[in-house]
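A.B. asks: Sharing a structure with you now.
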């Protein structure tokens, strides 16, 4: 009986230690802090969660990857266009996955909401971001979202401003 009990404990420990998918992990906690810093536009805090050589691939392939410094500069410029932005907390989901190669990725899904200053319009953009962690730091981040409606409105606003100045 003792042998079966001990075997049962070993099996439970083995499976709990080899969890390939979870919705609770230190990496998820870290990525929640990344999203929180982004929403608060706290760029210096956000940068602390990335490795110095991290590659950022938001809607681009690896050859056009950004550095963390470039990401932050772009976010600062983007922030000037909006009176507010955040992720709808009801839409947010996180998961951590360990791949067959042993890579540790955190997946994030959420609906980004922002109000464009130029027209006062509220935009809701479904977003997926996946971040590769090594030694507790993000070394690669891939983000996917469609900003075509937003860009069409910005182009129309710019065209209208150009025609008024002529």
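The values are calculated or read from the model by the stated rules, or taken from the named source; none is laboratory data. Since the structure is predicted, the reported quantities are computational estimates derived from the model, not experimental observations. Glycine gets a Cβ as well: all are built from the backbone with ideal geometry, and neighbour counts include every protein chain shown.
A.B. asks: For segment 145-161, indicate whether the set of residues that are at pLDDT 95 or above, surrounded by 17 or more Cβ atoms within 10 Å (Cβ to Cβ) and either farther than 30 Å from residue 102 by Cβ or in contact with a strand residue (DSSP E or B) (Cβ under 6 Å, 6 or more places away or on another chain) (or both) is non-empty.
C.D. replies: no
A.B. asks: Might you let me know whether segment 32-47 holds any residue that is farther than 27 Å from residue 148 by Cα, over 13 Å from the mean Cα position of the chain (by Cα) and free of Cβ contacts under 8 Å to residues at least 12 places away in the same chain?
C.D. replies: Yes, segment 32-47 contains a residue that is farther than 27 Å from residue 148 by Cα, over 13 Å from the mean Cα position of the chain (by Cα) and free of Cβ contacts under 8 Å to residues at least 12 places away in the same chain.
A.B. asks: Could I ask something else about it? Can you give me the ranges of the strands (runs of 3 or more DSSP E) entirely in segment 26-125 with at least 1 residues that are closer than 30 Å to residue 159 by Cα and in contact with a strand residue (DSSP E or B) (Cβ under 9 Å, 6 or more places away or on another chain)?
C.D. replies: By residue number, 50-58, 82-87, 104-116.
A.B. asks: Here are the criteria: (1) over 21 Å from residue 110 (Cα atoms); (2) in contact (Cβ under 8 Å) with a residue 40 or more places away in the chain. Tell me which single one residue 52 does not satisfy.
C.D. replies: (2) is the only condition that residue 52 fails.
A.B. asks: Search segment 130-148 for residues that are at negative phi and outside any strand (DSSP E or B) and pair each with any residue that is surrounded by 12 or more Cβ atoms within 10 Å (Cβ to Cβ) and modelled with pLDDT of 95 or more when their beta-carbon atoms are under 9 Å apart and the residues are at least 6 apart or on different chains.
C.D. replies: So the pair list comes out as 146/125; 146/126; 147/123; 147/125.
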